[in-house]
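What follows is a short report on a single structure.
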Amino acid sequence: MSDHYETLGVSRDATPEEIKKAYRKMARQLHPDVNPGPEAEERFKAVSQAYDVLSDPGKRAVYDRGGDMGPGAAGFGQGFTFTDIMDAFFGQGGADRGPRSRQRRGQDALIRVQVELSEAVFGGEREIAVDTAVGCPTCHGEGAQPGTGTRRCDVCGGRGEVHTTQRSFLGPVMTTRPCATCQGYGTVIAHPCVQCSGEGRVRSRRTLNIRVPAGVDTGTRIQLAGEGEVGAGNGPAGDLYVEIVVAPHPTFVRRGDDLHATVGLPMTAAALGTTVTLDTMDGPQELDVEPGTQSGETTTLRGLGVSHLRGGGRGDLVVHIEVQTPKNLDETQRRLLAELAAVRGEERPEGRLASHGSGLFGRLKDALSGR
Ligand code: ZN
């Protein structure tokens, strides 16, 4: 029996990498597919057997100590599979070889749903129409007309890949590529399902009931696991994301979880003080207006805003007062106001400029800067 190191043409202290390299080079030249004939076949077996021993640290150690590693012990043909040889050729794992599955995981889907402000404040349930791929009801995802099924691809013999040998300046090189006839599936659909054209899935519109959590805002996404697109070949569905768009409200403006609204008050009511009833999201609420309330002042109604999405509780309702100066006075009204002005010594006001940070100007600045 020849020496395994000599067979591979490497020294006794060759590294595993050198052994692998030497084996690949020789196996390429001697592989029976490339180099038919009894002599090459014998040498190929010897080379393979040498590599089998020297590439395994345990076997190599036994062999180096003079152990019997002849054909009877662990020769070619015993536990040496086609895949092992392919691995040695191309350095790839054998696990991902073979026909690929027709099933794919489906993609996630995104839809936008507009909700009313009241739904954002209190939460709610609603029906949404979703348009996604679903498993084909005719072939149940098989892709074949009912009763026909698939048959083994006779080009690749069901392996899903084909091997070709090409001559190159390095010598013959074997390559593997997915079978073009079956696209690597290993099977062929002779009679594709007429409803899905063999895809195993079709587009369909369905209705879903979703819960809109209190506190959602424009941009909030609700994830519904497994409600997205069904994959090819009836593969597992992706997730459905429902993105919320909160519709504008005619009277309330949302800032964070607070709501803002403006209430107009006649000048007299603002001066004398009053109580007004506001139509809030929670129904009618009374608001006390202090005598002498200025235009632009705000009153906060605690807990009448939007629910916090996390942690419970609610934001506030901030009511902005807008004092309305009376217009189109009749003679009596004009006379009464003129009398009031005279009593208050306001017939010729000074036109004093307000300082920064005080009065209406300061509040305006605060409002503009968002404070
Ligand atoms: Zn079908």
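Return yes when Leu272 is modelled with pLDDT of 95 or more, farther than 25 Å from Ile244 by Cβ and of a type in the set (A, V, I, L, M, F, W, C) and no when it is not. Judged against the criteria, Leu272 is a match.
Checking each residue in region 207-247 for being more than 30 Å from Ala144 (Cα to Cα), free of Cβ contacts under 8 Å to residues at least 60 places away in the same chain and not in a strand (DSSP E or B) picks out Thr218, Gly219. Within region 1-18, being within 27 Å of Phe169 (Cβ to Cβ), surrounded by 20 or more Cβ atoms within 10 Å (Cβ to Cβ) and of a type outside the set (S, T, N, Q) holds for one residue alone: Leu8.
Given the criteria under 29 Å from Gly141 (Cβ atoms), basic (Lys, Arg) and within 16 Å of the ligand (Cβ to nearest atom), does Arg177 qualify? Spelling it out, it is not the case that Arg177 is under 29 Å from Gly141 (Cβ atoms), basic (Lys, Arg) and within 16 Å of the ligand (Cβ to nearest atom). Residues in region 263-275 that are in a strand (DSSP E or B) and surrounded by 14 or more Cβ atoms within 10 Å (Cβ to Cβ): Val263, Leu265, Thr274. Here is a check on your reading of the model: is Glu199 under 21 Å from the mean Cα position of the chain (by Cα) and part of a loop (DSSP other than H, G, I, E, B)? In short, no.
For region 178-192, the candidate set comprises residues that are outside any strand (DSSP E or B) and out of contact with any Pro (no Cβ under 8 Å at 6 or more places or on another chain); within that set, the residue that is nearest to Gly135 (Cα to Cα) is His191.
Just one residue in the set Glu199, Glu161 is within 16 Å of the ligand (Cβ to nearest atom) and on the phi < 0 side of the Ramachandran plot; that residue is Glu199.
When Ser204 is tested against (1) within 16 Å of the ligand (Cβ to nearest atom); (2) assigned to a loop (DSSP other than H, G, I, E, B), exactly one condition is not met: (2).
The residue that is nearest to His163 (Cα to Cα), among those in region 1-57 that are more than 54 Å from the chain's Cα centre (by Cα) and basic (Lys, Arg), is Arg43.
Listed by position, the strands (runs of 3 or more DSSP E) enclosed by region 276-365 that each have at least 2 residues that are in contact with a Gly (Cβ under 6 Å, 6 or more places away or on another chain) are 317-324. Restricted to helices (runs of 4 or more DSSP H) entirely inside region 1-70, those with at least 1 residues that are among the small types (Gly, Ala, Ser) are 16-30, 38-54, 57-64.
Among what's in region 184-193 and is of a type outside the set (A, V, I, L, M) and closer than 22 Å to Pro146 by Cα, pick the residue that is nearest to the ligand (Cβ to nearest atom). Before the answer, list the steps.
From region 184-193, those of a type outside the set (A, V, I, L, M) are 184-187, 191-193; that's our starting set.
Next, only the ones that are closer than 22 Å to Pro146 by Cα stay: 185-187, 191-193.
Working: Tyr185: 16, Gly186: 20, Thr187: 15, His191: 11, Pro192: 8, Cys193: 3 Å.
Once the filter is applied, the top-ranked residue is Cys193.
Reported count of residues in region 284-336, each being under 21 Å from Arg255 (Cα atoms) and among the charged types (D, E, K, R), is 6.
The values are calculated or read from the model by the stated rules, or taken from the named source; none is laboratory data. On a predicted model such as this, the values are computed, not experimentally measured, just so you know. All Cβ positions, glycine included, derive from the backbone under ideal geometry; neighbour counts span all protein chains shown.
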